[in-house]
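Here is the structure we will look at.
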Amino acid sequence: NTVKFEGGFTFVKEGEGTFVANVANQDNFGGTRILGGTVTTVAVTAAGDTAHRFSQYYFGSRDSTISVATNAVLELSGNYDSGYYQVELMGGQMANHASYDQVDQGGAGALTLFQDATLDFARSVTFRDRTALLNGHTLTVLLGNGKTFILGASSVTQQIKNGILKMEGDGYLRIDGADKDLSSVNLDLNSGLYLAKSLTVHDLTVRYNGF
């Protein structure tokens, strides 16, 4: 069975448990609010799997908002081609625990923090076009062993703005695509750093001890 959402309808996920979205091209502009538990799509299992990309609008029409409350999770399941969705983290978490690294992903919409929030990336993820607006809050990125969080936009230099970016785990923050100006960001580095392009930050704290 399938359910089609239209108009100003807002999908609200409450309580524990996981909701798996499997109907593409939803037309509702009210977006999705995750107040509890986990919301995800079917996981990527192989390279080039595009069957369940977020950009196919499982969570509302183009430019609609996905908001994630405290203790709630938006699970990327290997897909982060999130189109023009605006993702708002209200203290919640965005995660990627797919069984396959789908590293060349993107999304042109903004990621905005309204409280301190976490990206739990057991698998590699690329911000190809996406920007992150921290609004003075701390964005903690937890990286799996040897995995990468790539700021890879070829034309966007200020991909993360106004706050603290805290990198944790045995992985790497990789700067690629274009030189990155993060002069409004304090970088707290407890992971590896790979510079394919130049990086400017407001302040840098290094706590990393190597592999």
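The table for this structure:
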read-out: Check on Asp176, modelled with pLDDT of 85 or more, acidic (Asp, Glu) and surrounded by 16 or more Cβ atoms within 10 Å (Cβ to Cβ); value: yes
read-out: Residue match in segment 185-199 (condition: within 17 Å of Arg123 (Cβ to Cβ), open to solvent by 30 Å² or more (accessible area, probe 1.4 Å), in contact (Cβ under 8 Å) with a residue 12 or more places away in the chain and in contact with a Gly (Cβ under 6 Å, 6 or more places away or on another chain)); value: no
read-out: Residue, modelled with the lowest pLDDT, within segment 60-76, restricted to residues that are over 17 Å from Leu113 (Cβ atoms), under 16 Å from the mean Cα position of the chain (by Cα) and open to solvent by 10 Å² or more (accessible area, probe 1.4 Å); value: Asp63
read-out: Candidates Asp81, Asp101, Asp170 - the one that is surrounded by fewer than 22 Cβ atoms within 10 Å (Cβ to Cβ), touching a helix residue (DSSP H, G or I) at 6+ places or on another chain (Cβ under 7 Å) and modelled with pLDDT under 90; value: Asp81
read-out: Of all residues in segment 104-135 being open to solvent by 10 Å² or more (accessible area, probe 1.4 Å), closer than 24 Å to Asp63 by Cα and not in a strand (DSSP E or B), the one that is modelled with the lowest pLDDT; value: Asp104
read-out: Restricting segment 139-159 to residues that are in contact with a Lys or Arg (Cβ under 8 Å, 6 or more places away or on another chain) and of a type in the set (A, V, I, L, M, F, W, C), the residue that is surrounded by the fewest Cβ atoms within 10 Å (Cβ to Cβ); value: Val141
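The values are calculated or read from the model by the stated rules, or taken from the named source; none is laboratory data. Computed from a predicted structure; not experimentally measured. Ideal geometry is used to build each Cβ from the backbone, glycine not excepted, and the neighbour counts take in all protein chains shown. Calculation scope for accessible area: heavy atoms of the full protein, side chains included, ligands and nucleic acids excluded. Shrake-Rupley method; radii C 1.70, N 1.55, O 1.52, S 1.80 Å.
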